[in-house]
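The values are calculated or read from the model by the stated rules, or taken from the named source; none is laboratory data. Predicted model, so just to flag it, every value in this text is computed and none were measured. These area figures cover heavy atoms from the full protein model, side chains too; ligands, DNA and RNA do not enter into them. Shrake-Rupley method; radii C 1.70, N 1.55, O 1.52, S 1.80 Å.
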Amino acid sequence: MRPLADEVRRRAADYLTGLIEITTSPQADAPASDGLCRATRRARLRLVELARREASEWPHQARALQAAAFGVDETERRLLALGRALPNRPDPDEGSRS
């Protein structure tokens, strides 16, 4: 999970940095959300897979993994919403949320 978490963290930070840039520089392009969406999707799918595997023997751990998957999903959703609210915003249909 650590490599997936690190990728989500890096992609989220890159996307947020791009959002900051478009607020300070009118020439800056809106950041693409593709990398963020791919990273969060991979992490979310892995967390759900692990939660299913642990559900019968370790229900508390399974719930924690499901909560982590929800947190990853919310992080993506909130960053994309912020991006849509800013000038030079990304296309709202961009990305691969599923």
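Leaving out ligands, DNA and RNA, and with a 1.4 Å probe, what % of the accessible surface on segment 1-81 is carbon or sulfur? That fraction is 54 percent. Ratio of Rg to Rh for the chain: 1.08 [Cα atoms; Kirkwood radius as inverse mean 1/r over pairs]. Normalised by 2.2 N^0.38 Å, where N counts its residues, the alpha-carbon radius of gyration of segment 1-49 equals 1.32.
Averaged per residue, segment 1-57 has 63 square angstrom of accessible surface, using a 1.4 angstrom probe with ligands and nucleic acids left out.
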